[in-house]
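Inspection log for the structure reproduced underneath, given as structure tokens.
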Amino acid sequence: MSDIEDKIEAEPGENPENNPIIHIDNFDGPLDLLWDLIKKAKIDITEITISHITEQYLAYLKLMEKLNVRVATDFIRMASELLFYKSCALLPAGQIEDEYFVPPLPPELVQKLLEFKKFQNASRRLMEEFEVSANRYTRVNKVEEIIEIDDYGEVSLFDLLKAFADVIQSRKAVDEKEIVFDEILVSDRIEHIKNMLERSDVIQFPDIFTAKPSRMEIVVTFMAILELARTRIIKLLQHKIFGTIRIVKHAVAAVQAPPAPEGA
Amino acid sequence: MANDIEDDVVEKSDQEAEPDEGHRDDDEVIKGLLEAVLFLSNEPVPLSFFVNSFSIDQTHAKILLDSLVDEYEDRDGGIKLQEIAKGYQFVTSPRYGEQLRRVIGVRKREGLSKGMLETLAIIAYKQPIVLAEIDELRGVSSRMMVAKLMERTLVKPVGRKELPGRPLAYGTTNEFLKYFGLNKLSDLPKLSEIKEFSLNWEE
């Protein structure tokens, strides 16, 4: 938002005579702007009229557009909110019509503004606290160096050789490792589960995995289950929380489920 | 509290059967030990550390530490003992911040932008708070601000609120306390103490 204020301040001659608002020091947000407008009017927040402030606000938006500032949606939203309040105020309220009655800011907006201001002030206080604490420094010991020096003993040539051997050993271990790319495809797992379902109507969830499934297999199988469920080929049933999940063919489930949702 | 201390003193005098003078020395010795630990520590040392390490009761430890704080405060030298982020830590006096930066080359911590500060203030006072509530209070979308604050580890998600969509609720971190030199959250200035937002315009 800072570019907005820069640009606006840079062009003080730009505003028309009825628009005495140009020295906004720092607003970032519609509430900030609104607050500033009210302050400029030097009127108590409870006395300022909705039409007055709406006018000013819209004039401001126009000015920003004129200056080719990309007006943030938040500002436009607030403008529409103001217009909404204004139109509400214009509607006959069914009470005694007073010709001289000027509708004030709606209390919810006043409340919002005051609440916003409260936190803005709080943030200023935080800034002051920061200024003090940013000037304090703490020590930065390198703890390990101080403490652990005593723990090291003398090193013999033998130790050194052993250490060297260890490194060689570990390198070998890495070199010889064969990377097995076990290709497990989601489609294969889907076929597998389908086949199992051909043989029996109900499969218990753990049974679809092999004895010692690899991480890859678990993930792929899980994806297969999700895919099967999504395409409504299977249905997943559970008789209680944390109970064993059963996989059922969708057609079967549709028949079984309504009368008694999963027996034993 | 006062009772606790007296008990402690009585207990010790039973054990060691020494005149009163001796206990004061005792306290001084323990206090020195605490001071030494604090001197070496990089991080704020919590009260519980002293209680557990030196088997002194909590009230006793607190009194000794607070009197240490006072001593450094009275001396008003280059070093202060500060109660910060739920622990005690030696810090340099803010008076010398500028010179230290120049001479030692320590860096000043990066400040926060106005928007970040606003967002942080709202989170600090209203935690746990969800993003939508922050947006509402500020009148602008604050997602970026919260993300930046998280990057600086000043705020973190602290749970979810039972609202539609179970949105994440945010709160401040220990780092936040350190950043602002606070000991605990309740040390924040009370919102009611923060003047203004009164209806007249004396700023």
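Derivation of every value follows stated rules applied to the coordinates shown; laboratory data play no part. Everything numeric in this text was worked out from a predicted model, so none of it was measured. Please note: Cβ atoms are built from the backbone with ideal geometry, for glycine as well, and neighbour counts cover all protein chains shown.
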Amide H to amide H, which residues 5 or more places from B:LEU112 or on other chains are under 5 Å from it, using H placed in the peptide plane?
none
I want to check the label-to-label distance for B:LEU168 and A:LEU90. Put each point 7 Å from Cα in the C-beta direction and report it in nm to one decimal.
4.4
What whole-number value in cubic angstrom gives the convex hull volume per residue for the C-alpha atoms of region B:114-187?
86
Counting other chain Cβ atoms within 10 Å of each Cβ in B:111-123 and taking the mean gives 6
Can you list the residues, at least 5 places off or on another chain, whose amide H is less than 5 Å from the amide H of B:GLN82, using H built in the peptide plane?
B:GLN89, B:PHE90, B:VAL91
Quote the FRET efficiency, to the nearest 0.05, computed for B:GLU71 versus B:ARG102 with a Förster distance R0 of 30 Å and r equal to the Cβ-Cβ distance.
0.55
When B:LEU112, B:LEU33 are ordered from fewest to most other Cβ atoms inside 10 Å of their Cβ, what list results?
B:LEU33, B:LEU112
For A:SER200, B:SER53, order by how many other beta-carbon atoms lie within 10 Å, fewest first:
A:SER200, B:SER53
Excluding residues fewer than 8 positions from B:LYS126 in its own chain, the lysines with Cα under 16 Å of it are A:LYS112, A:LYS117, A:LYS118, B:LYS156, B:LYS161, B:LYS184, B:LYS190
What does the charge count near B:VAL130 come to, summing +1 for each Lys or Arg and -1 for each Asp or Glu among other residues with Cβ under 11 Å from its Cβ?
0
Potential lengthening between A:ASN195 and A:LYS240 on full extension [0.36 nm per residue; Cα-Cα distance subtracted]:
13.5 nm
Region B:59-188, Kirkwood Rh and Cα Rg, ratio Rg/Rh at 1.08
